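A.B. asks: First the structure, then my questions, so here it is.
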Amino acid sequence: MDDLGTKLGYSEYCTIPEDGQRHEIVDGVHFVNPAPGFEHQSALSQIFFELMANIDRAGRGRVFVAPYDVQLSEHDIVQPDIVVVLADNSHVITKPRIVGAPDLVVEILSPGTARHDRERKFALYEKSGIREYWIVDTAERVVSQFTLVDGRYSHCTTAHETLRLHVLPDVEIDLACAWK
């Protein structure tokens, strides 16, 4: 929200100056996230590589890495660490951003964003109908996988070494490389 209590939207989001930080708007409120550290970036690159090989290069969908805008509603614009849009949902991809719910969103916890990712974004992604949500905890070397069932997230599994996608059950991701 701005100083007057007005919820911010995409047009206000587009006026935020480039400052090297990641900006998001959740329920009309502006959040700033500092650049992530080494463990975050290492896990991000390895998981992104695995998803690219199994989804994007296989022609099954598109995989995006932050910063890339995802507009879930008029007042919800986020930059998840990794976003997967399957081929049958490609209509949500526009040139400047994704507009609508992707199929899978991955957030990698950082000290400054852990609560935001586990609470605020969890609720937003659930409400927005994102079919699968992963929370990657590099400190614990674990990925918590949540899937949407009847409009609510159900905790499917907590994985350390491999993880099978719910949205593509024949795809298994090697997580062991993310903990290097």
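The values are calculated or read from the model by the stated rules, or taken from the named source; none is laboratory data. Values in this document were obtained by computation on a predicted structure and should not be read as measured data. As a convention, Cβ positions derive from the backbone with ideal geometry for all residues, glycine included, and neighbour counts pool all protein chains shown.
A.B. asks: Looking at the stretch 49-77, which of the residues that are in contact with a Lys or Arg (Cβ under 7 Å, 6 or more places away or on another chain) and of a type in the set (A, V, I, L, M) is nearest to GLU126 (Cα to Cα)?
C.D. replies: If we take residues in the stretch 49-77 being in contact with a Lys or Arg (Cβ under 7 Å, 6 or more places away or on another chain) and of a type in the set (A, V, I, L, M), then VAL70 is nearest to GLU126 (Cα to Cα).
A.B. asks: How do the pairs read when you match residues in the stretch 138-167 that are within 16 Å of LYS127 (Cα to Cα) with residues anywhere that are among the polar types (S, T, N, Q) and surrounded by fewer than 16 Cβ atoms within 10 Å (Cβ to Cβ), using Cβ under 8 Å and keeping only pairs 6 or more apart or on different chains?
C.D. replies: The qualifying pairs are PHE146/SER154; THR147/SER154; LEU148/SER154.
A.B. asks: Here's something else I'd like to know. Inside the stretch 1-45, can you point out the residues that are part of a loop (DSSP other than H, G, I, E, B), closer than 27 Å to TRP179 by Cβ and either of a type in the set (S, T, N, Q) or at pLDDT 85 or above (or both)?
C.D. replies: Selection gives GLN21 alone.
A.B. asks: Filter the stretch 59-79 for residues that are part of a strand (DSSP E or B) and under 12 Å from the mean Cα position of the chain (by Cα); which is farthest from VAL26 (Cα to Cα)?
C.D. replies: Initially, the stretch 59-79 is screened for residues part of a strand (DSSP E or B), giving 61-65, 70-73, 76-78.
If we keep only those that are under 12 Å from the mean Cα position of the chain (by Cα) as well, we get 63-65, 70-72, 77-78.
Numbers: VAL63: 22, PHE64: 20, VAL65: 19, VAL70: 11, GLN71: 10, LEU72: 9, ILE77: 6, VAL78: 7 Å.
Out of the qualifying residues, it is VAL63.
A.B. asks: Sticking with this one: In the stretch 51-71, is there at least one residue being in contact with a Pro (Cβ under 8 Å, 6 or more places away or on another chain), under 27 Å from VAL143 (Cβ atoms) and polar (S, T, N, Q)?
C.D. replies: No, there is no match, as no residue in the stretch 51-71 is in contact with a Pro (Cβ under 8 Å, 6 or more places away or on another chain), under 27 Å from VAL143 (Cβ atoms) and polar (S, T, N, Q).
A.B. asks: While we're here: Name the one entry in ILE135, ILE130 that is under 14 Å from the mean Cα position of the chain (by Cα) and either surrounded by fewer than 19 Cβ atoms within 10 Å (Cβ to Cβ) or in a loop (DSSP other than H, G, I, E, B) (or both). Talk me through it step by step, then tell me what you get.
C.D. replies: Values: ILE135 fails: either surrounded by fewer than 19 Cβ atoms within 10 Å (Cβ to Cβ) or in a loop (DSSP other than H, G, I, E, B) (or both).
Being under 14 Å from the mean Cα position of the chain (by Cα) and either surrounded by fewer than 19 Cβ atoms within 10 Å (Cβ to Cβ) or in a loop (DSSP other than H, G, I, E, B) (or both) holds for just one of ILE135, ILE130, which is ILE130.
A.B. asks: Here's another thing I want to ask about it. Looking at the stretch 114-124 only, could you name the residues that are crowded, with 21+ Cβ neighbours inside 10 Å and touching a residue at least 40 places away in the same chain (Cβ under 8 Å)? Let's see the steps before the verdict.
C.D. replies: Going residue by residue through the stretch 114-124, those that are crowded, with 21+ Cβ neighbours inside 10 Å are 117, 121.
Correct list: LYS121 only.
A.B. asks: Between residues in the stretch 16-42 that are on the phi < 0 side of the Ramachandran plot and surrounded by 15 or more Cβ atoms within 10 Å (Cβ to Cβ) and residues that are aromatic (Phe, Trp, Tyr) and in a loop (DSSP other than H, G, I, E, B), which pairs lie under 6 Å by C-beta distance while being six or more apart or on different chains?
C.D. replies: Listed pairs, sorted by first residue: none to list.
A.B. asks: Can you find, within the stretch 1-52, the residue that is farthest from THR162 (Cα to Cα) among those that are touching a helix residue (DSSP H, G or I) at 6+ places or on another chain (Cβ under 9 Å) and of a type in the set (S, T, N, Q)?
C.D. replies: My answer is THR6.
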